[in-house]
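Notes to accompany the following structure.
The values are calculated or read from the model by the stated rules, or taken from the named source; none is laboratory data. Keep in mind the model is a prediction, meaning the values are calculated, not measured. Cβ placement follows ideal geometry from the backbone for every residue including glycine, while neighbour counts extend to all protein chains displayed.
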Amino acid sequence: MRTAGMQRALLLAMSVGLIPVALSYGALPEVSLPLLFGIEASHVPTRHIFRAIMGLYLALILFWLVGALRANLRRPALWSLFVFTLGLALGRALSLVLDGWPGLLLFGYMLAEFALAAMAIWLLAKAQGHPDAP
């Protein structure tokens, strides 16, 4: 597969894969957060924060979809994917050191985020100097 095709595939996979995560944070936080993370979401400020997180995720998903479809936005979309996933992974790693074991789901998120950040930076580096790169 050509570099541009791999870039599009990663952006599309991230877009589709994060929609359920985004919705789990903000669509019905009073239902999903206790089930997934043991977080009580009965107070308005808690729901407000998680709905804002959902909005951020959905905005980035939209940008990644546009980047997958438009070659001139593909590199910026990949950079935003790299910054997003690495930032989340580093924050989770810090929490692991300072706070201890977060549970299997959140640890799995951290591993996936490190892997996705690595794929994004690898695809950006691979595209340097290639004629099929956007």
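Need the failing condition index for Leu60 against (1) in contact (Cβ under 8 Å) with a residue 12 or more places away in the chain; (2) touching a Gly at 6+ places or on another chain (Cβ under 9 Å), just the number.
Leu60 satisfies all of (1) in contact (Cβ under 8 Å) with a residue 12 or more places away in the chain; (2) touching a Gly at 6+ places or on another chain (Cβ under 9 Å) except (2).
So is Asp132 at pLDDT below 95 and either of a type in the set (Asp, Glu) or in contact with a Lys or Arg (Cβ under 8 Å, 6 or more places away or on another chain) (or both) or not?
So Asp132 fits the description; yes.
Residue by residue through region 98-117, note down the ones that are in contact with a Leu (Cβ under 9 Å, 6 or more places away or on another chain) and without any contact (Cβ under 8 Å) to a residue 24 or more places away in the chain.
Passing the criteria: Pro102, Phe107, Tyr109, Met110.
Yes or no: region 31-53 includes at least one residue that is out of contact with any strand residue (DSSP E or B) (no Cβ under 8 Å at 6 or more places or on another chain) and on the phi > 0 side of the Ramachandran plot. Explain how you work it out, then say what you get.
In the first step, residues of region 31-53 are kept if they are out of contact with any strand residue (DSSP E or B) (no Cβ under 8 Å at 6 or more places or on another chain); the result is 31-53.
Going one step further and asking which of them are on the phi > 0 side of the Ramachandran plot, we end up with 38.
The answer is yes, given that some residue of region 31-53 is out of contact with any strand residue (DSSP E or B) (no Cβ under 8 Å at 6 or more places or on another chain) and on the phi > 0 side of the Ramachandran plot.
Name the pairs whose Cβ atoms lie under 8 Å apart, with the first residue in region 1-23 and farther than 14 Å from Lys126 by Cα and surrounded by 14 or more Cβ atoms within 10 Å (Cβ to Cβ), the second at pLDDT 95 or above and aromatic (Phe, Trp, Tyr), and 6 or more positions between them or separate chains?
As it stands, the answer is Leu11/Trp64; Leu12/Trp64; Met14/Trp64; Ser15/Trp64; Leu18/Tyr57; Val21/Tyr57; Ala22/Tyr57, since those pairs meet every condition given.
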